[in-house]
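Colleague: Before I ask anything, here is the structure I am working with.
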Amino acid sequence: MSLTKTRSTTFLTIAASACLFLNPLFAGSNSSAQVDGWYAESPRDEINPRFETAAPRIFNGKPTLEIGSNGKVSSNGWWTKTCPVSPGKHYKFRTFFQTMSALEEHNRHILAKVIWIDKEGKQAELPEYPATELETDAIGWSVIQGTYQAPTDAVSAKLELIFRWSPHGSVVFRDTSFTETVSPESRDVTIATIHFRPRNSSSARDNLVKFAEFIHQASKQNADIVCLPEGITLVGTGNNYLDSSEPVPGPTTEFMGEAARKHGLYIVANIYEKENEALYNTSILLDREGRLAGKYRKVSLPREEIEGGISPGDSFNVFETDFGRIGLMTCWDVFYPVPARTLAMKGAEIIFLPIWGGNIDLAKARAIENQVYLVSSSYDMKTGIFDHEGNLIAEGTEENPVAVKTLDLNKRTLWPWLGDFRSRIPREKPPTETGKVPGRAVLPSKMP
């Protein structure tokens, strides 16, 4: 963060759980504007947004904080307040917001930031970027929130409510709080993935019986979810896509659903789905009760599948489980950034990848660039669990086909110079959803 001025502030002795209604340590342009102890800032006067100070809206008896467009794509500014903290204590930040018009990408335009300040008035550690959940309360307000531990050298936290980079629209913030809280509990999940290739199978069911044994082995290691490879009803049978296809739900979801119910775990598997005249490469999710909890039709198809008559899916879905949010990809999807990025932007914490064979470096890249765990189950690539740094932290092999690892989904990965990279990605990534950089023209294609 680069601001144009630095201002010292005399701190009052006050409870660590309450905010100071004082000028911020780092004050920028427009700092004279204030509402209810919040001060307006911007990096430069030329890009000031519009701060509503004359007649702020009232909600729950308190004034709201509004920032509106100045008609320029370069607009950038925020409301700010400084709060005292005790080193090592945990604090929960939360604010609610509503937009007054549609925005291209809410995560890039509307965000909050927590900046730790040491006793000399300098930044201590890297800033935090709380996560956004859209329209989460009963009246349609969205929330930005996160829980953090104050660094050992921090004496205060500067809060920022930001609106930027939109030539139109505005945002209203309300009920912003920053309070001391308890340390978050761990959120553990035990993941299993299978490295096994059936050979000379007599039928699809023969394959399923073989995979069921490995699911049983995973259950004995307390697995919450098991990932199987791509095409489990085709591999080793000598059949083609059409011969191996079936409806979903159908025979495989029934068989695997019984295994999931018997062992009390989730199962991710991949089969070939037939619906009317169409064939799909489909990954399925069975829940602990054996029910079909969701399916994903492979979007990225290689030429072999296209020539074999398979049609692509049209969406990337995220599924809620009792331990967190997961996404499904299949094989060729890993060769492209968009599938994994889309799942991560939709909140996936773990991406499961049934894959025939592929490039392990691309699997690592998808985990790193999205800060998600990626779980592969393969015949011809590495089978295992990749962490946020791309490390293969558990591997299934021919000698030991069942790879198992317990993960704490609440544990953050902090990178040197970057901090919590996962929280920064949605705020700083290119505007891929719009297909263009705002304000730049898209040239028409030239036909021969």
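Colleague: Which of the following values of log10 I(q)/I(0) by the Debye sum over Cα atoms at q = 0.09, 0.11, 0.13 Å⁻¹ was calculated from the structure shown: (i) -0.52, -0.77, -1.07; (ii) -0.59, -0.85, -1.11; (iii) -0.68, -0.91, -1.10?
Modeller: Correct label is (iii).
Colleague: Please give the helix 251-263 orientation as an angle from the longest Cα principal axis of the chain, in degrees from 0 to 90, rounded to the nearest 10.
Modeller: So the helix axis and the longest Cα principal axis differ by about 70 degrees.
Colleague: Let's test the formula: R0 of 45 Å, r as the Cβ-Cβ distance of Ala278 and Asp188. What FRET efficiency results, to the nearest 0.05? Present the calculation step by step, with values, prior to reporting the outcome.
Modeller: On the way: r = 40 Å, r/R0 = 0.88.
Given R0 = 45 Å and the Cβ-Cβ separation, E is 0.70.
Colleague: Something else about it: Relative to the longest principal axis of the C-alpha atoms of the chain, give the angle of the C-alpha long axis of helix 360-370, reported between 0 and 90° and rounded to the nearest 10°.
Modeller: With both axes taken from Cα atoms, the answer is about 30 degrees.
Colleague: Further question on the same structure: Could you state, as a whole-number percent, how many of the C-alpha pairs of region 37-169 are farther apart than 26 Å? All intermediate terms of the calculation are to be shown ahead of the outcome.
Modeller: Details: 2210 of 8778 pairs.
Of the Cα pairs, 25 percent sit more than 26 Å apart.
Colleague: Calculate I(q)/I(0) for region 327-415 by the Debye formula, one identical point scatterer on each C-alpha and no solvent, and give its log10 at q = 0.12, 0.20, 0.23 Å⁻¹ to two decimals.
Modeller: Ignoring solvent entirely, the Cα scatterers give -0.31, -0.87, -1.14.
Colleague: Between region 117-188 and region 29-92, how many Å separate their Cα centres?
Modeller: 13
Colleague: Using DSSP to call loops (not H, G, I, E or B), can you name the trypsin sites (Lys or Arg not before Pro) in region 375-421 whose Cβ has at most 13 other Cβ atoms within 10 angstrom? Before the final figure, lay out the partial values.
Modeller: Numbers: sites: Lys382, Lys405, Lys411, Arg412; in loops: Lys382, Lys411, Arg412.
Here the trypsin sites (Lys or Arg not before Pro) that fit, given the DSSP loop and packing criteria, are Lys411.
Colleague: When the chain is treated as a GNM, springs tying every alpha-carbon pair under 10 Å, which of Ala367, Ala259, Ala348 comes out with the largest mean-square fluctuation?
Modeller: Ala259
Colleague: How large, in percent, is the carbon and sulfur part of the accessible surface of region 262-313 at a probe radius of 1.4 Å?
Modeller: Working: 930 of 2170 Å².
Solvent-exposed carbon and sulfur of region 262-313 make up 43 percent of the total.
Colleague: Here is a further query. Once R0 is set to 35 Å, what does the formula 1/(1 + (r/R0)^6) return for the Cβ-Cβ distance between Ser74 and Glu369, expressed as a FRET efficiency to the nearest 0.05?
Modeller: The formula returns an efficiency of 0.80 here.
Colleague: Taking every DSSP beta bridge with both residues inside region 224-294, roughly what % is antiparallel (nearest 5)? Write down the numbers at each step before the final one.
Modeller: On the way: 11 of 15 bridges.
Beta bridges within region 224-294, antiparallel portion: roughly 75 percent.
Colleague: Helix 204-220: angle to the longest alpha-carbon principal axis of the chain, degrees 0 to 90, nearest 10?
Modeller: It works out to around 50 degrees.
Colleague: For the cross-link pairs Lys62/Lys92; Lys220/Lys298; Lys210/Lys298; Lys62/Lys158, which exceed 27 Å when the distance is taken from alpha carbon to alpha carbon? Show your work: numbers first, answer last.
Modeller: Details: Lys62/Lys92 20 Å; Lys220/Lys298 31 Å; Lys210/Lys298 25 Å; Lys62/Lys158 21 Å.
Cα-Cα > 27 Å for Lys220/Lys298; rest within.
Colleague: Count neighbours as other Cβ atoms within 10 Å of each site's Cβ, and list the GluC sites (Glu not before Pro) in region 305-414 that are DSSP loop with at most 11 such neighbours. Before the final figure, lay out the partial values.
Modeller: Numbers: sites: Glu305, Glu307, Glu320, Glu349, Glu369, Glu389, Glu395, Glu398, Glu399; in loops: Glu349, Glu389, Glu398, Glu399.
Passing sites in region 305-414 are Glu398, Glu399.
Colleague: I would also like to ask the following. Mind jotting down the distance between the C-alpha centroids of region 377-417 and region 193-212, whole Å?
Modeller: What the calculation gives is 23 Å, centre to centre.
Colleague: So which residue, out of Arg303, Arg44, Arg197, gets the largest mean-square fluctuation from a GNM of the chain using Cα contacts under 10 Å as springs?
Modeller: Highest fluctuation of the listed residues: Arg303.
Colleague: Now, a different point. Over region 222-374, consider all pairs of different Cα atoms and compute the Kirkwood hydrodynamic radius from their mean reciprocal separation; express it in Å, one decimal.
Modeller: Details: mean 1/r = 0.0644 Å⁻¹.
Answer for region 222-374: a Kirkwood hydrodynamic radius of 15.5 Å.
Colleague: Given C-alpha coordinates of region 155-242, what is the ratio Rg to Rh with the Kirkwood estimate of Rh? Kindly include the intermediate steps, with their values, before the conclusion.
Modeller: Details: Rg = 25.6 Å, Rh = 18.7 Å.
Reported Rg/Rh, Kirkwood definition of Rh: 1.37.
Colleague: Accessible area per residue for the chain in Å², computed with a 1.4 Å probe and the full protein assembly in place, what is it? List each step's numbers first, then the result.
Modeller: Numbers: 20420 Å² over 448 residues.
Per-residue value: 46 Å².
Colleague: Cα centroid distance between region 304-319 and region 213-239, in Å?
Modeller: Cα centroid to Cα centroid, the span is 21 Å.
Colleague: Further, regarding this structure: What is the gain in length, in nm to one decimal, between Gln123 and Arg303 on full extension, counting 0.36 nm per residue of separation less the C-alpha to C-alpha distance? Could the numbers behind the result be given before it?
Modeller: Numbers: separation 180, 0.36 × 180 = 64.80 nm, distance 5.26 nm.
In short, 59.5 nm is gained.
The values are calculated or read from the model by the stated rules, or taken from the named source; none is laboratory data. Computed from a predicted structure; not experimentally measured. Neighbour counts run over all protein chains shown; Cβ positions are idealised from the backbone, glycine included. In case anyone asks, the SASA skips ligands and DNA or RNA and just uses the protein heavy atoms, side chains included. Shrake-Rupley method; radii C 1.70, N 1.55, O 1.52, S 1.80 Å.
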